[in-house]
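Working notes for the structure below.
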Amino acid sequence: MRNKVAIVGAADTEVGVVPDLSATQLYVKAARLALADAGIGKDDVDGLITCVSWAEPYVYHAEIIAEYMRIFPRYCITAPAGGGTTLTMLHHAASAIATGMCETILITMADSQVSGLSRDKAIEAMSTAGHPQFERPYGPPIPAFYALIAQAHRHAYGTTDEQRAAVAVACRRHASMNPAAQMRKPIAIADVLNSRMISDPLHLLDCSLVSDGGAAIVMTSAERARDFPRRPVYLLGAGEGHSHEHLSQALSLTTSAAREAGARAYAMAGLGPKDIDVAELYDCFTPVVIIELEDLGFCPKGEGGRFVENGRIELGGELPVNTHGGLLSHCHPGHPGSMFAITEAVRQLRGECGPRQVPAARVALVHGQGGFMSSHGTAIFGNEMV
Amino acid sequence: MADTHGKPVPMPTRETLPFWEGCGRGELMIQRCGECGQFQFFPRLYCSRCMSERVAWVKASGGAEVTSFTIVRRPVSSAFAADAPYVVALVRLEEGPTMMTNIVGCPPERVAIGMAVEAVFERLTDEITLPKFRPRNG
C-alpha cells in the first residue's frame, strides 16, 4: 500500500474548553474545515469514518454525521474506540481506497468531554474501564493501569520520575509554541514532580488533559491527490498490533504490541527509525511515550528513560516528539486524541508549523494505542513518495 | 446484605460461577487444561494454549508474587474514597496466571514488586466474596 494513498486535507477545530459547540457540531465543524483545506465540497466525499462520542453517543454514529451533513457515502463506518483504533481506521481507509471500494474518505473525530460531559461524569464514565468481575471490584482508576505499567518499567530498567517528567516538559514546551494548545505555560521537571500524586508513581502532570475538540482529514488515492491544491502527504507505511484487552491478561507490562505495529509499518515503507524526522506518539500518560520509543525502535528496550533526557525529544533535539503538545498539553477529548497527532504530522510535512516547525521534515511517524497498551497502530507519512 | 457503598459487585456468569463459589468457600479456583497442563485465569471455554475443551477447575495454592502495584491516591469513585490510599496490584499466582487485586494487611508503603503474598477472602455481599492478597509473612 506504500505510495498508494495520500492525505489531501486536514484540520482541527478549536480545542480545550469549547462550550459553544456540541459534540456533533465539533464533528461537522472539523469535517467542514478539512474539506475546505482540501478544496472540495461535501459531495466529493464517498467514504465517511467517525468515532463514537461519550457526550452524544449513537449506535449508527457515522450515519448520524452523514445525515447531518446530507452526504450519501458508499463506505460508512464508526470506530468504536480511539487511540490505536484511529490509526487502525486510517489503515483500513487506505485499504478501501487502494482496492477501489471508494475514492475519497473523510475521517472526522470529535468529542465534548468538558462541556458536553462534566469532569466528574467523564471520570466516572472512564471508571467503567477494566474487567467487570476480575478488575473493577478492586477500584482501579485509569491512571492506576498506567501506573502499574510505569512501576514495572521502573523496576525492570530503573526508569526514574524525572525521566517520565521530561516527557511532560517536552510536550508542554511544544504546546507553548502552539497557539491552539489547551495548556501553554511552560513547566519544568520539578513542576511535574511537585504536582499532586494521583496513583504512584504518576503525578497529575504525568496525566493527559480532559478536553473538547475535533479533527478531520481527507484521504484519496495518490494519483488523484496531485489534483488537490495542497501538497499531498503520502501514506508510506501502516501497521497494527493487538495483544490483549485487559491489563491483567497482558503477556508483558513493559513491552507492547507497538513493536509489531511499528515493524509492519517500517516494512511497508521500506524505512526504519533512523529515517523518521518527527514522531507524534500517543501520550495519555508519560510512561507510554517511553515504552513506545523503545518498541518503535528509536532506542533499545529499557533505554527509553535515558532517551528522553536532555531535550532529545524536544524541537532541536534528535527526535522531536509531539510537536503540537500531545494529549498531555495540546488536548485530549478522548477517542479523537490520535487525530490531532495525524493533523499535526500533515502540517509538519507541509511545512506549516511556524516556530514549532521541524526543519526540512520529510518523514513523520504517528503511533496510537488504546485500551491499556492493548491495541496499537502505526502510520508513516512522507511529503514525497519513497 | 453487606453495604458495598456503591462499589462494583461482580455478576457471576455460567463461565465464572465456579470461581466465585470457590471464593465463598475461601478457595481460589482456576482452570487447568487436561491436555497440555496449562493453568489459566480468566476462565475460558477452551484452553488458551492448545484449544482443548478439557479444562477443569482446580484449587490454586493461594500463594503469589507481586509483579506490579500502585498506591491509588485519587479513588476511582466516591465508593472507594474511604479506602484511599489503597493498593491496586497485579500478582502472579504460583501456578502461573496473573490476577489484579488489592494488597491488604500492611501499610501501602510496604508493598514492593517481588513481595510474596497469599490470598485472603473479603466478603463484599451475601453472594460475593472477593479474593485479595496480603504479605505472606505477616
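Relative to the current alpha-carbon distance between B:Arg25 and B:Trp57, full extension at 0.36 nm per residue lengthens the span by 10.1 nm. Close amide H contacts of A:Val363 (hydrogens built in the peptide plane, cut-off under 5 Å, sequence separation of 5 or more or a different chain): A:Asp277, A:Val278.
Restricting the calculation to Cα atoms, the stretch B:17-135 shows an Rg/Rh of 1.01 when the hydrodynamic-style radius is the Kirkwood one. Principal-axis analysis of the Cα atoms of chain A puts helix A:142-157 at an angle of about 60° to the longest axis.
Rounded to the nearest 10 degrees, the angle from helix A:258-269 to the longest Cα principal axis of chain A is 40 degrees.
Per-residue 3J(HN,Hα) values for the stretch B:37-54, derived from phi via the Karplus relation 6.51 cos²θ - 1.76 cosθ + 1.60 with θ = phi - 60°, read x, 5, 8, 9, 7, 4, x, 9, 5, 10, 5, 6, 9, 10, 6, 5, 7, 7 Hz in sequence order (x marks Gly and Pro). Expressed in Å, the radius of gyration and Dmax of the Cα atoms of the protein assembly as shown are 23.4, 73.
The packing ranking of peptides A:326-339, A:301-314, highest mean first, is A:326-339, A:301-314, where packing means the average number of other beta carbon atoms within 10 angstrom of each residue. Take each peptide in A:8-19, A:288-299, count the other Cβ atoms within 10 Å of every residue, and average; sorted highest first, the result is A:288-299, A:8-19. Mean per-residue shielding of peptide A:243-249 is 3, counting Cβ atoms of other chains within 10 Å of each Cβ.
Distance between the modelled labels on A:Glu303 and A:Tyr60, one decimal in nanometres: 5.4 nm (7 Å Cα→Cβ projection). Helices in chain B, meaning DSSP H runs of at least 4 residues, each add -39500 (n - 2.57). Divided by all residues, the mean residue ellipticity at 222 nm is -2000 deg cm²/dmol.
Using only Cα atoms, find the angle between the long axis of helix A:286-295 and the longest principal axis of chain A, and express it within 0 to 90 degrees, rounded to the nearest 10. Tilt of helix A:286-295: around 70 degrees. Residue by residue along A:128-135, Cβ atoms of other protein chains within 10 Å of the local Cβ number 6 on average. Listing B:Trp57, A:Trp54 from fewest to most neighbouring C-beta atoms within 10 Å gives B:Trp57, A:Trp54.
Each peptide in A:164-171, A:128-135, A:22-29 receives the mean, over its residues, of other Cβ atoms within 10 Å, and ordering these scores from highest gives A:164-171, A:22-29, A:128-135.
Label-to-label distance, A:Tyr68 versus A:Glu162, with points set 7 angstrom from Cα along the beta-carbon direction: 4.7 nm.
As a rough footprinting exposure proxy, the listed residues A:Val59, B:Val104, A:Val52 were ranked by other beta carbons within 10 Å of their own, and the order from fewest upward is A:Val59, B:Val104, A:Val52. When the convex hull of its Cα atoms is viewed from all sides, the stretch A:208-255 shows a mean projected area of 6.6 nm². Per the Debye calculation on the stretch A:116-220 with a single equal scatterer at every Cα and no solvent contribution, log₁₀ I(q)/I(0) for q = 0.15, 0.16, 0.21, 0.22 Å⁻¹ amounts to -0.81, -0.90, -1.19, -1.22.
No lab work stands behind these numbers, since they all come straight from the coordinates. Owing to the predicted nature of the structure, the values given are computational and were not obtained by experimental measurement. Using ideal geometry, Cβ is built from the backbone for each residue, glycine included, and neighbour counts are taken over all protein chains shown.
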